[in-house]
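One structure is given here, and the rest of the page talks about it.
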Amino acid sequence: MLFTNLIPSYGSILTIKNVEARMDWDEPGSASNQGPVLSEVLERLSIDELRARVTALKAEISRVEQEIEKRQAHQNQAEQIFKG
């Protein structure tokens, strides 16, 4: 893992630049899904970049909501099995 240019910004938030990392977690690709960074300094972005960020964040919200629905359905099925 290589971390360089760790720059503190706005209180306790850290911005990490030039990051090369590999993660062997249960879900493949979790480290490579690079989208908008939360708490990013927005003043540096153009209007088009801000609009693209909003679009990407909306897509991510939709993806997370779908995963919640999927997990809720699985949980409901498991509860029905164990209620017997």
Give all pairs with beta carbons closer than 7 Å in which a residue from region 31-45 that is within 14 Å of residue 56 (Cα to Cα) meets a residue that is modelled with pLDDT of 90 or more; count only pairs at least 6 apart in sequence or on separate chains. 35/56; 35/60; 36/53; 36/56; 36/57
Condition first: among the small types (Gly, Ala, Ser) and at negative phi. Can you find one or more residues in region 48-56 that meet it? yes
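The values are calculated or read from the model by the stated rules, or taken from the named source; none is laboratory data. Here the structure is a predicted model, which means the values were calculated and not measured. We place every Cβ from the backbone using ideal geometry, glycine too, and count neighbours over all the protein chains shown.
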